[in-house]
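Asker: Before I ask anything, here is the structure I am working with.
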Amino acid sequence: MTALRGRTSTIAVWIVLLSMPLWMGALGGYTELASRVVVLGLAAMALNFLLGFTGVLSFGHAAYFGLGAYGVGMTIKYLQPSTPLGILVGVVTGTLAAAVIGALIAKRRGVYFAMVTIAFGQVFYFIAFRWNSVTGGDDGLNNWRRQAIDFGIAKLDITNDVTFYYFALIVFALSAAAMGLLIKSPFGRTLIAIRENERRARFLGIPVEQHIWLSFVISCFFVSLAGTLFALLSNFTDPRALRWDQSGNFVIMAVLGGMRSFWGPLIGAAIFVVLQDYVSSHTENWMSFIGLFFMAVVLFFPRGILGIVKRRLAS
Amino acid sequence: MSLLQVRGVSKHFGKLVAVNDVSMTVEPGELRAVIGPNGAGKTTFFNLISGFFPPTAGTIVFDGQDITKLAEHQRVKRGMARTFQITEIFPELTVRENLRVPVEVAAGKRLAPWMTRATQARMRERVEELVEMGGLGGKGDRLVGELSHGDQRATEIMMSLALKPRLLLLDEPTAGMGDQETYNITRLIRRLHRDQKLTIVLIEHDMRVIFHLADRIMVLAEGALLAEGTPDQIASDERVQAAYLGKAA
């Protein structure tokens, strides 16, 4: 039953994602909005690998998201105008930073872990903010553009918005598949064991710190990948991509959509992005509306939007 | 060679001496009970053996090797498994999922991102074996948190057993149980001891259980070793009786 429902929701998600550019316009949206849903959805799902499936709350994931963004932007701007190389540099930078910082903080738990992740995250924010000559400082990193990808035999022209959407979707699909397989693997089961009862996990022979570290690094790998796509999407990045409120947004997306369900954070990201786009065209205080909506979900639907949908379908 | 040798371990929490210079030797295949009044330091003693925290003084030798400084999971790897006074399980997972984790850890798969079909089948088979052995047949797909206290305990014991330990530490396995549940768990422990030749150390309050199961009994009082011997010796020991009646020994 649950397996069947899981498959149904997976198929539904894919039908929507694959057709999004076709109907987005008719509903008053635009292709870039669809791309933002996919990219931020990937970031929120990556965060949720750690939050929902390991039970560890990070409030500093924007740091790795931003490192990915600056990695790709700076590579294309200063090093070589190559999109794949830029993505590679962004992801490697973000993942390496996560590996080092993760090793320093894997022993912290709960609110202490969250606080330390914020602190480290802000370090990167201030570097991006202050180092004007390289990062563009507060103005952001501009004057660079994503480049068509040359596969030798054919060129993928991702400078086109719709092509970029499908490019981002392919990256998203591969990442989601990898995370899904990991969660269902023996390693993934040890993470869920840690989430459920850390003491029990420890005394079942699981070196908890090592597994949390790995989960953190895997999560940050995918979040920095999302960061590279985010910068490519707008041909721009600025220090806000690594600031703590961006980290908070990822957490909001995951909780909003439902952190116990695999696709929940994607739904959360979609709601977040659409609300942001719609409300911000009417008022500058769009965050207040997201905040109210978020509080309503947390108070009345603690399992998130997808949690409620699932329960409705079950009964 | 003795399986477990605890040599003069102490544990201080600030000024409180929870365990004071206690030694114990457990032979392979033995079932040892640790008893004592509340606050005698039994659980602290267990925590020292299983690596929950390090001793203030003393050494612990397991299977000929000094394990005093090893972390919990390293002790598990060497063949030590434990249960807790307050059941520690994964309440929101099913019985099978609870057992699956230690089965895969014991098979060295804790970091595996992937398993062959054959290995998966082998893991599932082992889980089924444990479900049956623990008397949990028919409850395999129930959430453990929804089961009776006795079945939760049985699940916890089977999870420890899934690790294929050579030494099983049980902290008050029948605590808070009714007569029928106590009987079932006692029978399970005895089967593990007799049939699987498992070495077991258990803390227990229920005297019927202890005298039914234990080869030897060790008595702790106020953190120190009070007496050690066969059940008959302990039953007739005046110091033990005094300690249990609350008189100064």
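Asker: Collect the residues in segment A:120-133 that are touching a helix residue (DSSP H, G or I) at 6+ places or on another chain (Cβ under 9 Å) and either assigned to a helix (DSSP H, G or I) or within 18 Å of A:Ile218 (Cα to Cα) (or both), keeping them in residue-number order. Walk me through it before giving the result.
Answerer: Initially, segment A:120-133 is screened for residues touching a helix residue (DSSP H, G or I) at 6+ places or on another chain (Cβ under 9 Å), giving A:120-132.
Selection gives A:Phe120, A:Gly121, A:Gln122, A:Val123, A:Phe124, A:Tyr125, A:Phe126, A:Ile127, A:Ala128, A:Phe129, A:Arg130, A:Asn132.
Asker: Can A:Ala12 be described as under 26 Å from A:Leu182 (Cα atoms) and modelled with pLDDT under 95?
Answerer: Values: under 26 Å from A:Leu182 (Cα atoms): yes; modelled with pLDDT under 95: yes.
When the stated conditions are applied, A:Ala12 passes them.
Asker: Check every one of the strands (runs of 3 or more DSSP E) wholly within segment B:192-249 and list those with 3 or more residues that are surrounded by fewer than 22 Cβ atoms within 10 Å (Cβ to Cβ).
Answerer: Details: elements: B:199-203, B:216-221, B:224-229.
Per the criteria, B:224-229.
Asker: What pairs can you find where one residue is in segment A:111-131 and touching a residue at least 60 places away in the same chain (Cβ under 8 Å), the other is β-branched (Val, Ile, Thr), and their Cβ atoms are less than 6 Å apart, with a gap of 6+ or different chains?
Answerer: Hits for this filter: A:Phe120/A:Ile101; A:Ala128/A:Thr135.
Asker: Test each condition in (1) of a type outside the set (Gly, Ala, Ser); (2) assigned to a helix (DSSP H, G or I); (3) out of contact with any Pro (no Cβ under 7 Å at 6 or more places or on another chain) for B:Leu48 and report the one that comes out false.
Answerer: (3)
Asker: Out of B:Gly138, B:Gly79, report the one residue that is within 23 Å of the chain's Cα centre (by Cα) and among the small types (Gly, Ala, Ser). Can you show your working first?
Answerer: On the way: B:Gly138 fails: within 23 Å of the chain's Cα centre (by Cα).
Criteria check complete, one pass: B:Gly79.
Asker: Restricting attention to segment B:92-115, report how many residues are more than 9 Å from chain A (Cβ to nearest Cβ) and within 22 Å of B:Asp151 (Cβ to Cβ). Quick ask: steps written out before the conclusion?
Answerer: Initial filter on segment B:92-115 (more than 9 Å from chain A (Cβ to nearest Cβ)): B:94-96, B:99, B:103, B:108.
After this cut, where a residue has to be within 22 Å of B:Asp151 (Cβ to Cβ) as well, the list is B:94-96, B:99, B:103.
Number satisfying all stated conditions: 5.
Asker: Out of (1) within 30 Å of A:Ala201 (Cβ to Cβ); (2) in contact (Cβ under 8 Å) with a residue 60 or more places away in the chain; (3) surrounded by fewer than 13 Cβ atoms within 10 Å (Cβ to Cβ), the odd one out for A:Arg7 is which?
Answerer: Among (1) within 30 Å of A:Ala201 (Cβ to Cβ); (2) in contact (Cβ under 8 Å) with a residue 60 or more places away in the chain; (3) surrounded by fewer than 13 Cβ atoms within 10 Å (Cβ to Cβ), A:Arg7 violates only (2).
Asker: Among (1) modelled with pLDDT under 95; (2) in contact with a strand residue (DSSP E or B) (Cβ under 9 Å, 6 or more places away or on another chain); (3) in a helix (DSSP H, G or I), where does A:Asp138 come up short?
Answerer: For A:Asp138, the exception is condition (2).
Asker: Does segment B:35-43 contain at least one residue that is within 14 Å of chain A (Cβ to nearest Cβ) and in contact with an Asp or Glu (Cβ under 9 Å, 6 or more places away or on another chain)?
Answerer: Scanning segment B:35-43, I find at least one residue that is within 14 Å of chain A (Cβ to nearest Cβ) and in contact with an Asp or Glu (Cβ under 9 Å, 6 or more places away or on another chain), so the answer is yes.
The values are calculated or read from the model by the stated rules, or taken from the named source; none is laboratory data. Every value quoted in this text rests on a predicted model; they were computed, and no experiment measured them. Quick reminder, even Gly has a Cβ in these numbers, built from the backbone with ideal geometry, and neighbours come from all protein chains shown.
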